[in-house]
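Structure first, then comments.
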Amino acid sequence: MRYISKVHSDTAFVRQGEELNATALTEYLTGRINGTASGIRIEQFPNGHSNLVYLVEIAGREYVLRRPPLGPVAPKAHDMAREYKVLHAVHPHFPEAPEVYLLCEDAAVLGGPFFLMERRNGVVIRDQVPAELAAIPGYQHLVSEAFIDCMVRLHSIDVSQPGLASLGKPEGFVERQVRGWTERWNRAKTEEMPEMDRVVQWLHKRLPPSQGAPTLVHNDYKLDNVMMHPEGNRVEAVLDWEMTTLGDPLADLGLTLCYWTWASEAAKDDPHPATPVITNQPGWCTRDEFLHRYATLTGRDVTHVGYHEVLGIFKLAVILQQIYYRFHAGQTQDERFRNFDRRVRGLVKLSAELAERYS
């Protein structure tokens, strides 16, 4: 029952204040996960700004443990039980979704619910491209196409199959998204932003027609939420399923494009952009190439994707505001969140500019 010395390239020592109770965890897992009686070792995955994610090694086998952040969280956010249910339902139909093994809803064990899932291995692209991937000629094109094609596969799953149909209510999906995220904004805002009010009005007034048959909507499909094969030609795993539901696939597409291209414009006046800018560099699929490949492979009409880009950036702003609210209210001391108000204002400005462009 000990914290591991740093040996993995993608993990780190557990941050102070975010330690797991290894004794309590060992006691709980004994009899549930083979080999636990011989002890466990723990590291932390240091990236991400919401849920806490750990590498747990048991009897030579690696697992990933996910739990909510410490302190109060927004209502319905960081729902570990729901993410476990989603992964349990999706994995048989979509192998890029990691398999889950155990859910604990007893907060007395670790101070909050958690679940264990399989550990996948590969490379994750964040603000820098891993060296093994960067050494491959034309890796940008390989990764772009693999990333898009993985989304296409996700959106082609028959959601009427057992276990999937209960993951969401696709009727009125976009309208509920706008209403729900507006409510989240109002609960989390720390200052008045008339520009955000105008974006909300624009979203309510310009609801687009439905795209027909619903699909799985990951709701956070972005480059640093997928794990690539080291050769860059396929996706090994799609991560962070807590917001997955059923609805209009263009909502997924629009949000992904925010991370892929538009949101990088916010970096011009902000040294801490909300999203990476790697895909604006030479060799990556452009926005138009991305849309063309998606539309060709799915046969879907992407005419109204601009609306979903505005909605996507709006949601990004709300997510960061929820995180900043926790810092502002003293519910977390994590210094990474100190300047999130600036990042929120940058995204609000960008969403307003795009709404004007698409009007």
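Structure notes:
- Enumeration of residues in region 294-311 that are surrounded by fewer than 17 Cβ atoms within 10 Å (Cβ to Cβ) and among the charged types (D, E, K, R): Asp301
- Assessment of region 199-217 against the conditions (closer than 15 Å to Glu309 by Cα, of a type outside the set (Phe, Trp, Tyr), at pLDDT 95 or above and within 17 Å of the chain's Cα centre (by Cα)) yields at least one matching residue.
- Residues located in region 83-102, provided they are crowded, with 18+ Cβ neighbours inside 10 Å and under 30 Å from Glu27 (Cβ atoms): Glu83, Tyr84, Lys85, Val86, Leu87, Ala89, His91, Ala97, Pro98, Val100
- Among residues of region 163-175 that are more than 13 Å from Leu216 (Cα to Cα), those with a beta-carbon under 6 Å from a residue that is buried (at least 19 other Cβ atoms within 10 Å of the Cβ) at least six positions away or on a different chain give the pairs Val174/Asp248.
So that you can scan it fast, the table gives a plain yes or no per residue for (1) farther than 21 Å from Asn186 by Cβ; (2) in contact with a helix residue (DSSP H, G or I) (Cβ under 6 Å, 6 or more places away or on another chain):
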site: Arg293; (1), (2): yes, yes
site: Thr296; (1), (2): yes, no
site: His304; (1), (2): yes, no
site: Phe314; (1), (2): no, yes
site: Gln322; (1), (2): no, yes
site: Gln331; (1), (2): no, no
site: Asp334; (1), (2): yes, no
site: Arg342; (1), (2): no, no
site: Gly346; (1), (2): no, yes
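- Scan region 43-55 for residues that are touching a residue at least 40 places away in the same chain (Cβ under 8 Å) and either in a strand (DSSP E or B) or more than 20 Å from Ile323 (Cα to Cα) (or both) and the total you get is 3.
- A single entry from His88, His93 fulfils the requirement of being part of a helix (DSSP H, G or I) and outside the structural domain of Ile319 (by TED's automatic domain parsing): His88.
- Per this entry, Gly306 is counted among residues that are over 20 Å from the mean Cα position of the chain (by Cα) and closer than 16 Å to Asp252 by Cβ.
- Test result for Glu265, modelled with pLDDT under 95, buried (at least 16 other Cβ atoms within 10 Å of the Cβ), more than 18 Å from Glu309 (Cα to Cα) and out of contact with any Cys (no Cβ under 9 Å at 6 or more places or on another chain): no
- Filtering region 28-42 to residues that are over 31 Å from the mean Cα position of the chain (by Cα) and part of a helix (DSSP H, G or I) leaves Ala37, Ser38.
- The sole residue among Thr244, Thr275, Thr279 that is within 19 Å of the chain's Cα centre (by Cα), surrounded by 19 or more Cβ atoms within 10 Å (Cβ to Cβ) and either charged (D, E, K, R) or modelled with pLDDT of 95 or more (or both) is Thr244.
- Of the set (1) over 23 Å from Asn219 (Cβ atoms); (2) modelled with pLDDT of 95 or more; (3) out of contact with any helix residue (DSSP H, G or I) (no Cβ under 9 Å at 6 or more places or on another chain); (4) aliphatic (A, V, I, L, M), all apply to Leu102 but (3).
- You will find that of Ala165, Ala131, the residue that is more than 18 Å from the chain's Cα centre (by Cα), at pLDDT below 95 and closer than 27 Å to Arg82 by Cβ is Ala165 and no other.
The values are calculated or read from the model by the stated rules, or taken from the named source; none is laboratory data. This structure is a prediction, so every number in the text was calculated from the model and none was measured. We place every Cβ from the backbone using ideal geometry, glycine too, and count neighbours over all the protein chains shown.
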